[in-house]
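Q: Have a look at this one.
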Amino acid sequence: MMRAGRFSRVAALLAAVAMPQAAQADDLAPTGRWTAYEGGNADLPPMGWNSWNAFYQDVDEEKVLASAEVIVASGLAQAGYRSINIDDGWWLKRDTADGRMVIRADKFPSAALADGTTSFRPLTDRLHAMGLKAGIYSDIGRNSCGQTFGHGNPNNPQGTVAEREVGLYGHIDQDIALYFADWGFDYIKVDGCGIRGMGADNPNVQNGTYRALDPLIDFNSIARTDVPAVKALFSEVGDALLRHNPDGDFTYSLCIWGSADVRSWFGSYGNLSRTSEDIAPYWGRLLHNFDSAARRALYAQPGNWNDPDMLFVGTGDFDAEHMTEARSHMALWSMLSAPLIIGFDLRQANEEQLALLGHQGLVAINQDAAGNQAVLAYDTDEVQTLVKLLADGTKAVALFNRTAQPKEVTLTAEQLKLVADAPIALRNLWTDGQSSFTGETAFTLAPHETLVFIADGRRELEEGFYLSEMPGRIHVAHDGVDVPQFDPQIHRAITPWQNTRSIGERPRYTGWGGARADSAPYGQGLSIAGQAFATGIGVLSGSRLELRSEGFARFSAVVGIDDSATEAGGPVRFELYGDGTLLAQSDWLEAGMAPAPLAADLGGARLVELVVRRSEGGDRAVPVTWGEAALTRQPAQASGS
Ligand code: GLA
């Protein structure tokens, strides 16, 4: 597979070299429609519980039900935590006679049916009767993560080599039908270990325990990863989910940890996508996982969410002795519109921990209907300020101290895109205290502390919203990244499962150069010909963004090649489409040219597309800026602009 994959990549590369314009023109042609994945039930980030962080593979029915009972009794279900998800460890084997999966009934007694077969239906019925949903776990390869990496051995599948092939590979339709139509699950997490680590060099392949599957994913090399083959497998699962869930009530969670350039395509394939390797219950790992999602606001939208992994509130650096860290974890995941999936044995939870998980204000931020992932308004390795526009027009703001020292932090009206000469009301979500400031205000953050406020003031742009305030309305169809590169801006934490035996945490999640809100693609401030923009969209040329524009009458921006461009790659042309029809376009713009206004009335168009074209023969991507890009309520005539 790997060999075939490499050849197909070479063929694709050759084709691209031969006809760059044709390839580009196809990618950038307006479609007039929203092309993100709209299957499943994930208009809001999923909430629930998962067995992995609490029990790893030592999962059983009693433990699952015990946490489900606490979820109901404590009011967490009422707060929104409804999906009870079983992770790795539930499977005994695949029955090779008919290919049907067999459950480890010694761990899940209700699964043993009178006729000798096994079914999760009794358990999912029970969860449904409790007002909950049920989630299951599988792998896109032939084998699970436990089998691939040798963890959780006592609960790994048993039997012959073929019987131990419990993953979806070769059984996608059969397994999805079984899990959803027959067993009644509502949610699936699809891992990718079986297409990552089951090559001929795996010791358990060498000793004959498992069959080799040439890896499609090489985590350390995007060039050696067969992205089209990975996409094809996940797309097959998506199709099967649609087929076997006629009511569309399912959640599809992809778990390939930011590999295979999944950031650039998951939004067209599923509801959730893990942005990094596993979280672990310590501070460095929280930073790592947070960073893997924090600069990707434009890639998340209702239906498709960045997943920096499950919550670890309750354990290690986030346990009852470390409530500052636990509160930061919960606050940051809420701001990121991340799935809130509890990973704690809730029988051990105290009142304060349950109250944190159920914190009404934070859950409301996470579950806000606008679906805007927070955008970084201030970004350093020490302190970050995140701002998330809520559906009611107020803003959630989080001030995050990453360090182990206290920090003085200034919050400005400009960071909130609110005017500096009118009072801004702040409600502190931890104390419920109200305050007000004009212009700027300062706080002292304790080590690892995150303060969260709801801010309300007079908007800089009173008649509409900047696009960078509304990442939930944007789907990045093409971000102009031709050659995916690893993102170097992610905190490099010790991976606890390796400790310091390895060469350390090297960059390996692609996404460098992706589209950004209020930032140039490589992290610089937005700037055209020396003019800085506090707000806008930074992206590479050769890109197409889809923007839901219902409720707005006009688009406006000032555009040009961003000053962060390090080499001549222009000229570029900015094009604006409404429901597939060209509304406006810029001239061909060179680097160093003054920002050019680009605006049009939308005439009722519900979908705007923002295209930046490279010139004939201009095959290089350059950073470009949609400065002050905004949607406003009045057409030009009415507003007189
Ligand atoms: C992978 C996933 C984890 C968990 C384990 C199970 O590592 O990333 O979240 O599901 O597999 O083995």
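The values are calculated or read from the model by the stated rules, or taken from the named source; none is laboratory data. If you're wondering where the values come from, they're calculated on a predicted model, not measured in any experiment. When we count neighbours, we look across all protein chains shown, and the Cβ atoms used for this are built from the backbone with ideal geometry, even at glycine.
Q: Any residue at all in the range 534-542 that's on the phi > 0 side of the Ramachandran plot and surrounded by 22 or more Cβ atoms within 10 Å (Cβ to Cβ)?
A: yes
Q: Working only within the range 388-412, note down all residues that are over 27 Å from GLN360 (Cβ atoms) and in contact with a strand residue (DSSP E or B) (Cβ under 7 Å, 6 or more places away or on another chain). Steps first, please.
A: Filtering the range 388-412 for residues over 27 Å from GLN360 (Cβ atoms) gives 403-408, 410, 412.
Listed by number, the residues that qualify are PRO406, LYS407, GLU408, THR410, THR412.
Q: Test of understanding: among ILE71, ILE140, which residue is out of contact with any Asp or Glu (no Cβ under 9 Å at 6 or more places or on another chain), in contact (Cβ under 8 Å) with a residue 40 or more places away in the chain and of a type in the set (A, V, I, L, M, F, W, C)?
A: Values: ILE140 fails: out of contact with any Asp or Glu (no Cβ under 9 Å at 6 or more places or on another chain).
So the residue among ILE71, ILE140 that is out of contact with any Asp or Glu (no Cβ under 9 Å at 6 or more places or on another chain), in contact (Cβ under 8 Å) with a residue 40 or more places away in the chain and of a type in the set (A, V, I, L, M, F, W, C) is ILE71.
Q: Which of the residues spanning the range 604-634 are in contact with a Leu (Cβ under 8 Å, 6 or more places away or on another chain), within 15 Å of GLY551 (Cα to Cα) and not aliphatic (A, V, I, L, M)?
A: THR632
Q: Now for a different question. Any idea which residue in the range 138-194 is farthest from the ligand (Cβ to nearest atom), counting only those that are polar (S, T, N, Q) and in a helix (DSSP H, G or I)?
A: GLN174
Condition check ((1) assigned to a helix (DSSP H, G or I); (2) buried (at least 24 other Cβ atoms within 10 Å of the Cβ); (3) among the charged types (D, E, K, R)) across all residues:
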| residue | (1), (2), (3) |
| --- | --- |
| GLY314 | no, yes, no |
| ASP317 | yes, no, yes |
| ALA320 | no, no, no |
| GLU325 | yes, no, yes |
| TRP333 | yes, yes, no |
| ALA338 | no, yes, no |
| ILE341 | no, yes, no |
| LEU356 | yes, no, no |
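Q: Also, I was wondering about something else. How many residues does the range 255-271 contain that are hydroxyl-bearing (Ser, Thr, Tyr), away from the ligand (no atom under 14 Å from the Cβ) and assigned to a loop (DSSP other than H, G, I, E, B)?
A: Keep residues of the range 255-271 that are hydroxyl-bearing (Ser, Thr, Tyr), which gives 259, 264, 268-269.
Those still in the list that are away from the ligand (no atom under 14 Å from the Cβ) too: 264, 268-269.
Next, from what is left, pick out any that are assigned to a loop (DSSP other than H, G, I, E, B): 269.
The qualifying residues number 1.
Q: Examine the range 232-246 for a residue that is touching a Phe, Trp or Tyr at 6+ places or on another chain (Cβ under 7 Å) and within 29 Å of ARG402 (Cβ to Cβ), and state whether such a residue exists.
A: No, there is no match, as no residue in the range 232-246 is touching a Phe, Trp or Tyr at 6+ places or on another chain (Cβ under 7 Å) and within 29 Å of ARG402 (Cβ to Cβ).
Q: Related question: Can you find a residue that is within 12 Å of the ligand (Cβ to nearest atom) and surrounded by 23 or more Cβ atoms within 10 Å (Cβ to Cβ) anywhere in the range 235-253?
A: Step one: of the range 235-253, the residues within 12 Å of the ligand (Cβ to nearest atom) are 253.
Pick out the ones that are also surrounded by 23 or more Cβ atoms within 10 Å (Cβ to Cβ) and you get 253.
So far as the range 235-253 goes, yes, one or more of its residues are within 12 Å of the ligand (Cβ to nearest atom) and surrounded by 23 or more Cβ atoms within 10 Å (Cβ to Cβ).
Q: Can you give me the ranges of the helices (runs of 4 or more DSSP H) entirely in the range 48-90 with at least 1 residues that are under 21 Å from GLU165 (Cα atoms) and within 16 Å of the ligand (Cβ to nearest atom)? Quick ask: steps written out before the conclusion?
A: Values: elements: 52-55, 61-73, 76-79.
Hits in the range 48-90: 52-55.
Q: Next question. Does GLY131 count as more than 16 Å from the ligand (Cβ to nearest atom), closer than 25 Å to ASN271 by Cα, surrounded by fewer than 15 Cβ atoms within 10 Å (Cβ to Cβ) and assigned by TED's automatic domain parsing to the domain that holds GLY316?
A: On the way: more than 16 Å from the ligand (Cβ to nearest atom): yes; closer than 25 Å to ASN271 by Cα: yes; surrounded by fewer than 15 Cβ atoms within 10 Å (Cβ to Cβ): yes; assigned by TED's automatic domain parsing to the domain that holds GLY316: yes.
Against the criterion (more than 16 Å from the ligand (Cβ to nearest atom), closer than 25 Å to ASN271 by Cα, surrounded by fewer than 15 Cβ atoms within 10 Å (Cβ to Cβ) and assigned by TED's automatic domain parsing to the domain that holds GLY316), GLY131 qualifies.
Matching residues to (1) acidic (Asp, Glu); (2) surrounded by fewer than 21 Cβ atoms within 10 Å (Cβ to Cβ); (3) under 30 Å from the mean Cα position of the chain (by Cα):
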site: VAL559; (1), (2), (3): no, no, yes
site: THR566; (1), (2), (3): no, yes, yes
site: ALA594; (1), (2), (3): no, yes, no
site: GLY603; (1), (2), (3): no, yes, no
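Per-residue answers, yes or no, for (1) in contact (Cβ under 8 Å) with a residue 12 or more places away in the chain; (2) over 13 Å from the mean Cα position of the chain (by Cα); (3) within 15 Å of the ligand (Cβ to nearest atom); (4) within 24 Å of GLY194 (Cα to Cα):
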{"position": "GLY303", "(1), (2), (3), (4)": "yes, no, no, no"}
{"position": "ASP319", "(1), (2), (3), (4)": "yes, yes, no, no"}
{"position": "ILE341", "(1), (2), (3), (4)": "yes, yes, yes, yes"}
{"position": "LEU346", "(1), (2), (3), (4)": "yes, yes, no, no"}
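Q: Since ARG274 meets every condition but one in (1) within 16 Å of the ligand (Cβ to nearest atom); (2) touching a His at 6+ places or on another chain (Cβ under 8 Å), which condition does it not meet?
A: (2)
Q: Among all residue pairs at least 6 apart or on different chains, which show Cβ distances below 9 Å where the first residue, located in the range 566-592, is closer than 30 Å to GLY551 by Cβ and the second is charged (D, E, K, R) and in a loop (DSSP other than H, G, I, E, B)?
A: Once the first residue is closer than 30 Å to GLY551 by Cβ and sits in the range 566-592, its partners that are charged (D, E, K, R) and in a loop (DSSP other than H, G, I, E, B) give VAL572/GLU590; ARG573/ASP587; GLY578/ARG606; ASP579/ARG33; ASP579/ARG606; GLY580/ARG33.
Q: Working only within the range 93-109, note down all residues that are away from the ligand (no atom under 16 Å from the Cβ) and crowded, with 18+ Cβ neighbours inside 10 Å.
A: The first filter runs over the range 93-109 and keeps only residues away from the ligand (no atom under 16 Å from the Cβ), leaving 93-103, 105-106, 108-109.
Once the filter is applied, which keeps residues that are away from the ligand (no atom under 16 Å from the Cβ) and crowded, with 18+ Cβ neighbours inside 10 Å, the range 93-109 yields LYS93, ARG94, MET101, VAL102, ILE103, PHE108.
Q: If you check every pair at least six apart or on different chains, which have Cβ atoms under 8 Å apart with a residue in the range 175-188 that is under 15 Å from GLU236 (Cα atoms) first and a residue that is of a type in the set (S, T, N, Q) and outside any loop (DSSP other than H, G, I, E, B) second?
A: Correct list of pairs: ASP175/SER138; ILE188/SER138; ILE188/THR251; ILE188/SER253.
Q: Can you tell me which condition ILE222 does not meet? The list is (1) over 30 Å from SER328 (Cα atoms); (2) among the hydrophobic types (A, V, I, L, M, F, W, C); (3) assigned to a helix (DSSP H, G or I), and all the others hold.
A: (3)
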